[in-house]
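See structure below.
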């Protein structure tokens, strides 16, 4: 399965980025050394930036406003609560801003759909972005 792809539909284009692994959750990072947490966030932020670059090149400009759907694929375990699922993806969304796929990650520019979680053969975090008309939002 590709790590990044664009899906074209008559009314929208979906940008899909699959980042291998899952960043540390707030609960998993409690009690860890700050350097371990920073390294984890930096790794996922950099991976997301690199994976978003083909979309930036193809699109030619940042998405002015986007709806983001997060899917966390786990191998086992208890699902994350909804707040944790969104906070887990903060370094990945920051990487999309670093790559200039998104203008900003503030509420004026990004709308989050409810996070999805499922079991799968390998851990990954899937981010799907759809550009929203800034005049409607």
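Listing for the model above:
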item: Subset of the range 72-93 (residues that are closer than 20 Å to residue 107 by Cα and surrounded by 19 or more Cβ atoms within 10 Å (Cβ to Cβ)); result: 85, 88, 89, 91, 92, 93
item: Helices (runs of 4 or more DSSP H) wholly inside the range 1-94 containing at least 2 residues that are within 20 Å of residue 116 (Cβ to Cβ) and at pLDDT 90 or above; result: 34-59
item: The range 14-35, residues that are in contact with a helix residue (DSSP H, G or I) (Cβ under 8 Å, 6 or more places away or on another chain) and either exposed (fewer than 15 other Cβ atoms within 10 Å of the Cβ) or over 22 Å from residue 74 (Cβ atoms) (or both); result: 15, 20, 21, 26, 27
item: Count of the range 110-123 residues which are farther than 15 Å from residue 23 by Cα, under 13 Å from the mean Cα position of the chain (by Cα) and in a loop (DSSP other than H, G, I, E, B); result: 2
item: Residue check, residue 107 surrounded by 18 or more Cβ atoms within 10 Å (Cβ to Cβ) and either within 11 Å of the chain's Cα centre (by Cα) or part of a loop (DSSP other than H, G, I, E, B) (or both); result: no
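The values are calculated or read from the model by the stated rules, or taken from the named source; none is laboratory data. All of these numbers come straight from a predicted model, not from anything done at the bench. Ideal geometry is used to build each Cβ from the backbone, glycine not excepted, and the neighbour counts take in all protein chains shown.
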